[in-house]
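These notes concern the structure reproduced below.
The values are calculated or read from the model by the stated rules, or taken from the named source; none is laboratory data. As the structure is a prediction and not an experimental result, all values here were calculated from the model. All Cβ positions, glycine included, derive from the backbone under ideal geometry; neighbour counts span all protein chains shown.
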Amino acid sequence: MSTIGIRGTFFDFIDDPWKHIGREQDAARFHADGLLVVQDGVIADFGPYGQLAPKHPGLEITHIKDRLILPGFIDGHIHLPQTRVLGAYGEQLLPWLNKWVFPEEVKYKDRDYAREGVTRFFDTLLASGTTTCQAFTTTFKVTTEELFEEASRRNMRVIAGLTGIDRNAPDYFVDTADNFYRDTVELIGRYHRNGRNLYAITPRFAMGSSEEMLARCEQLKKEYPDCWVNTHISENPAEIRTLLDLHQDCTDYLGVYEKYGLVGPKFSGGHGVWLSNDEFRRMSRKGAAVVFCPCSNLFLGSGLFRLGRATDPNCRVRMSFGSDMGGGNRFSLLATLDDAYKVGMCNNTLLDGSVNPGHQDLAEAERNKLSPYRGFWSVTLGGAEGLYIDDLLGNFDPGKEADFVALDWNGGPMAMSWHQSLAYEGEGPATVEEAANLLFGIMMVGDDRAVDETWIMGKRLYKKS
């Protein structure tokens with residue numbers, strides 16, 4: 001058995017900071033000089049270096065100095081085959097898909113093209129500090145195969161699946177519901193829980209799924225209840241209107257997925273910008289999750305997600321954050337946190353500074369504020385809880401998989417480097433509050449230059465050059 005130690009400054013979470021109003025630091029765990037003991041890729045011990053080191057004599061230790069070590073970032077919503085359309089001139093969602101996305105994604109039916117794209121996708125994830133993702137592929141089985149094969153080579157945990165769409169897309173792009181079912185069954189058999197791979201039954205979005213496609217998804221979920229369900233929900237007003245014209249027996253977007261038995265634990269709906277209060281309540285009651293994708297929602301003009309509503313303690317919805325690359329114009333979840341903070345602030349105020357009357361009360365306005373505790377919880381332990389994988393990863397508890405990222409608080413724009421180094425005179429944070437202040441600077445000013453190292457199952461797979 002291989003056992004190693006990582007020494008450094010650690011910051012993770014043991015609880016949800018939204019539950020600790022006014023005392024969010026109580027949800028965090030901080031060791032200015034800590035030790036992480038990893039045995040065969042799994043965390044065996046964790047705590048202050050001075051206490052743990054004597055318990056592990058002869059341990060081979062790597063000392064990561066002048067960095068903040070956090071659990072690896074978890075991206076709950078990203079599109080593998082959109083890497084090459086990153087930053088394509090914006091339209092709103094539906095024309096953007098037809099102009100840029102579908103013509104690019106169809107190229108992924110060629111295995112060589114898909115393999116190169118998948119390699120670059122994972123390279124960029126690691127350089128961004130992302131160690132786990134829930135990803136959309138394409139309607140072509142080869143893309144999903146290449147994603148799982150490359151994730152397995154790198155030993156990365158991913159949730160993904162063949163992406164089903166059979167209407168409201170170009171003829172060259174759609175597939176039939178029967179083909180989707182047949183290929184999904186084969187892929188589940190080959191990849192689900194093979195290594196660190198997890199399979200998601202993936203209707204791309206309800207507007208692109210016929211009743212036959214949704215019925216096949218319902219059949220798959222019944223036959224393979226251990227699988228995830230990954231899709232989009234209530235992203236764009238034009239999309240919602242079109243969908244409800246197609247399903248006139250439903251009064252809202254969530255109702256379409258409910259009609260086919262897809263809403264429950266391990267269900268993720270990306271975006272949720274236009275979810276009603278009742279839809280939030282139903283998702284909470286059924287254990288479903290929403291994925292907040294602020295970069296994409298702003299880039300495509302979809303709207304402002306109501307973070308304060310999703311975190312209402314009376315009907316709390318499981319939630320992860322997603323880059324939604326390439327609707328989102330960055331791979332980096334640090335950029336996602338930057339935009340998430342701004343969305344929350346915009347939701348809170350009108351131009352005259354008064355509380356937005358759309359909010360039920362001041363408590364919801366307070367919950368819209370994205371502190372560093374709330375932000376980094378959302379892309380680590382909170383993201384894991386949203387995807388029902390918090391038994392596997394998300395913090396440094398023993399028994400969990402040793403995926404982590406080392407952040408350079410001086411890495412990034414020159415102004416950030418000067419500001420952060422001035423604050424601590426070149427030394428690391430000594431308290432959890434100091435660490436949180438550094439992290440807030442990283443999430444608001446930093447970018448992927450702040451990611452110095454990314455480790456997967458106790459092995460370093462990325463080092464900034």
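Observations, loosely collected:
- Region 104-144 - residue that is over 26 Å from Gly412 (Cα atoms) and acidic (Asp, Glu) and, of those, surrounded by the most Cβ atoms within 10 Å (Cβ to Cβ): Glu105
- All positions within region 220-257 that are part of a helix (DSSP H, G or I) and surrounded by fewer than 17 Cβ atoms within 10 Å (Cβ to Cβ): Lys222, Glu223, Pro237, Ala238, Arg241, Thr242, Asp245, Leu246
- Close pairs (9 angstrom Cβ cut-off, 6 or more residues apart or separate chains): within 18 Å of Asp339 (Cβ to Cβ) in region 436-461, buried (at least 21 other Cβ atoms within 10 Å of the Cβ) and of a type in the set (D, E, K, R) anywhere: Met443/Asp338; Met444/Asp338; Val445/Asp338; Gly446/Asp338; Asp447/Arg330; Asp447/Asp338; Asp448/Arg330
- When region 45-78 is filtered for residues that are touching a strand residue (DSSP E or B) at 6+ places or on another chain (Cβ under 6 Å) and of a type in the set (S, T, N, Q), only Thr62 remains.
- Scanning region 338-383 for residues that are polar (S, T, N, Q), at pLDDT below 90 and part of a helix (DSSP H, G or I) yields Asn347, Asn348.
- Applying a threshold of 6 Å to beta carbon distances and a minimum spacing of six or more residues, or different chains, the list of pairs starting in region 74-89 at a residue that is closer than 16 Å to Glu105 by Cβ and ending at one that is of a type in the set (Phe, Trp, Tyr) reads His79/Phe136; Leu80/Phe121; Pro81/Tyr108; Thr83/Phe121; Val85/Trp100; Ala88/Trp100.
- Considering each residue of region 54-73 in turn, none proves to be touching a Cys at 6+ places or on another chain (Cβ under 6 Å), among the charged types (D, E, K, R) and on the phi < 0 side of the Ramachandran plot.
- Of all the listed residues (Val85, Val37), the sole one being in the same structural domain as Arg330 (by TED's automatic domain parsing), touching an Asp or Glu at 6+ places or on another chain (Cβ under 6 Å) and surrounded by 15 or more Cβ atoms within 10 Å (Cβ to Cβ) is Val85.
- Residue tally, condition in contact with a Gly (Cβ under 8 Å, 6 or more places away or on another chain) and either outside the structural domain of Leu370 (by TED's automatic domain parsing) or farther than 25 Å from Val158 by Cα (or both), over region 281-304: 3
- Within region 54-101, the only residue that satisfies the criterion of being farther than 30 Å from Asn230 by Cβ and touching a helix residue (DSSP H, G or I) at 6+ places or on another chain (Cβ under 7 Å) is Leu68.
- Count of residues meeting criterion [in a loop (DSSP other than H, G, I, E, B) and among the small types (Gly, Ala, Ser)] in region 87-132: 5
- The residue pairs whose first member lies in region 30-44 and is part of a loop (DSSP other than H, G, I, E, B), whose second member is crowded, with 18+ Cβ neighbours inside 10 Å and of a type outside the set (Lys, Arg), and whose beta carbons are closer than 6 Å, counting only pairs six or more residues apart or on different chains, are Gly41/Ala402; Gly41/Met457; Gly41/Gly458.
- Enumeration of residues in region 176-194 that are small (Gly, Ala, Ser) and closer than 14 Å to Asp166 by Cα: Ala177
- Condition met for Phe280 (of a type in the set (Phe, Trp, Tyr), closer than 22 Å to Glu385 by Cα and in contact with a Cys (Cβ under 7 Å, 6 or more places away or on another chain)): yes
- Selection of region 1-15 for residues being surrounded by fewer than 19 Cβ atoms within 10 Å (Cβ to Cβ), closer than 30 Å to Val317 by Cα and touching a residue at least 40 places away in the same chain (Cβ under 8 Å) yields only Ile14.
- The set of residues from region 37-52 being in contact with a Lys or Arg (Cβ under 8 Å, 6 or more places away or on another chain) and not β-branched (Val, Ile, Thr) comprises Gly41, Asp45, Tyr49.
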